[in-house]
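J.: Take this structure, written in structure tokens, and hold onto it; I'll ask about it next.
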Amino acid sequence: MNYSNIFKYFLYGLLVLGLSSNANSINDLNKIRTSFDNNQKKVRIVFDASKKIEFQIKNSKNQSQININLKNIRTNKNFSKPSIDKKYFKKFILRKIDNNLDFELVTNYKIQYKYFSLKPNNNYGHRLVFDIYLGKKKSTNTKEKKKNSTKKIFVIAIDAGHGGKDPGAIGRRGTKEKDIVLLIAKRLHKLLKKEKNIKPILIRNKDSYLSLRQRINKARRYKADLFLSIHANASKNRKARGSSVYVLSQHGATSEQAKWLANKENSSDLLGGASIDDKDQDVAQVLLDLSQSVTIETSLKASSIILKKLKKISKLQFNSTEQAGFVVLKSPDIPSVLIETAFLSNPKEEKKLKTKKFQKNIAKAVKDAILEIIRKGII
Ligand SMILES: [Zn+2]
């Protein structure tokens, strides 16, 4: 097909056609109809109106879209936008600008087009018809997309809990949570660094104190795709043991979000003297509020994979993800999961937490989980 003549004619200009002398009375757009020809090479777009349509075409430089400014017209009450085939079209926009309607059609193809007006007949009123011919698929676009999807680098924020003046839980032998979780975080970081499509970030890489806000800000600065906070648990019950995984509950997200808004500056630093008396308090220090249920959904999916991998190397305290309404991961847009690796308050587990083997196993399990999370397109 060669429509180049028609196309050239319209290509760089701005055309004003069909200007009516009666510009003051507003036209009604009743419908936009679309139809394809049999071999899907041409799409016809028909604007049905109560009067002759005045319009202006703004040709785009990249030849894959068409912009038409429909003059002095409004959509009538029964108007509904037609659905478009995503295979061919990227965007179909109708904007009201003053008394005009701006129609924008963005396609996945190089296009050419012609148009004509039709007077009313027995079946239809005034019509403006555009025939849009789909040429070559915009190759740069699809290539770019492919490149992007294969080249997507996943940023994983690894947050070793506590640090500096905040030791976290302390075991009977004096093992400090902040030290153990930093070792595990570093091991995980090292493993993830080997993966081509992963960029791991250590929220802290030394024994330093970071407020909750600082932790989140850092993750956000790096545009993290996933935030993992690593901890070791503690309980009054010295027999309590096993790994567990937390995400924020919707209820917690909502109420904490409200609290946060009310008290922006203070809410991030609830790290008082960490107590090993109450395991919940430990969790409370870490998880911040996630305001979006979508993020929580994603966090839940990710956490169940993490739990599945942990199960292979450790006893689980709970068989499913726990959801808690604590003041914790304050990024509404970053899926966030808190991992309690084991109980420092349990003498056996304290001993285990200190071993390279267990630290490595945890790091490996979490790494495997992250790979599966990415493979399954969860983040
Ligand atoms: Zn902790």
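The values are calculated or read from the model by the stated rules, or taken from the named source; none is laboratory data. Because the structure is predicted, anything quoted here is derived from the model rather than measured. All Cβ positions, glycine included, derive from the backbone under ideal geometry; neighbour counts span all protein chains shown.
J.: Given the structure, is K91 loosely packed, with under 12 Cβ neighbours inside 10 Å and in contact with a strand residue (DSSP E or B) (Cβ under 6 Å, 6 or more places away or on another chain)?
T.: So K91 fits the description; yes.
J.: On the basis of being at pLDDT below 95 and part of a loop (DSSP other than H, G, I, E, B), does V337 make the cut?
T.: The answer is no for V337.
J.: Another question about this same structure. Since S211 meets every condition but one in (1) within 15 Å of the ligand (Cβ to nearest atom); (2) crowded, with 16+ Cβ neighbours inside 10 Å, which condition does it not meet?
T.: If we test S211 against (1) within 15 Å of the ligand (Cβ to nearest atom); (2) crowded, with 16+ Cβ neighbours inside 10 Å, just (2) comes out false.
J.: Continuing with this model, one more query. Given I170, I184, which one is within 16 Å of the ligand (Cβ to nearest atom) and modelled with pLDDT of 95 or more?
T.: I184
J.: Something else: Go through (1) surrounded by fewer than 21 Cβ atoms within 10 Å (Cβ to Cβ); (2) at pLDDT below 90; (3) under 15 Å from H231 (Cα atoms) for L329 and report which single condition fails.
T.: (1)
J.: Which of the following residues is at pLDDT below 80 and out of contact with any His (no Cβ under 8 Å at 6 or more places or on another chain): S64, S25, S21? Give the steps one after another, and end with the answer.
T.: Details: S64 fails: at pLDDT below 80; S25 fails: at pLDDT below 80.
Step by step, each of S64, S25, S21 is checked, and only S21 is at pLDDT below 80 and out of contact with any His (no Cβ under 8 Å at 6 or more places or on another chain).
J.: Would you check which residues across segment 335-378 are closer than 23 Å to I216 by Cβ, among the hydrophobic types (A, V, I, L, M, F, W, C) and out of contact with any helix residue (DSSP H, G or I) (no Cβ under 6 Å at 6 or more places or on another chain) and list them?
T.: Passing the criteria: I339, I370, I374.
J.: Are any residues in segment 125-165 surrounded by 16 or more Cβ atoms within 10 Å (Cβ to Cβ), charged (D, E, K, R) and modelled with pLDDT of 90 or more, and if so, which ones?
T.: Scanning segment 125-165 gives R127, D159.
J.: Restricting attention to segment 347-378, which residues are under 23 Å from F154 (Cα atoms) and surrounded by fewer than 21 Cβ atoms within 10 Å (Cβ to Cβ)?
T.: Correct list: K360, N361, K364, D368, L371, E372, I374, R375, K376, G377, I378.
J.: Answer yes if at least one residue in segment 291-303 is under 22 Å from K218 (Cβ atoms), within 15 Å of the ligand (Cβ to nearest atom), modelled with pLDDT under 90 and not in a helix (DSSP H, G or I), and no otherwise.
T.: Among the residues of segment 291-303, not one is under 22 Å from K218 (Cβ atoms), within 15 Å of the ligand (Cβ to nearest atom), modelled with pLDDT under 90 and not in a helix (DSSP H, G or I), which makes the answer no.
J.: Then there is this: Go through segment 167-178 and count every residue that is surrounded by fewer than 19 Cβ atoms within 10 Å (Cβ to Cβ), at negative phi and either in contact with a Phe, Trp or Tyr (Cβ under 8 Å, 6 or more places away or on another chain) or without any contact (Cβ under 8 Å) to a residue 40 or more places away in the chain (or both).
T.: 0
J.: Then there's this: Looking at segment 214-247, which of the residues that are within 22 Å of F154 (Cα to Cα) and surrounded by fewer than 19 Cβ atoms within 10 Å (Cβ to Cβ) is nearest to the ligand (Cβ to nearest atom)?
T.: The qualifying residue nearest to the ligand (Cβ to nearest atom) is Q214.
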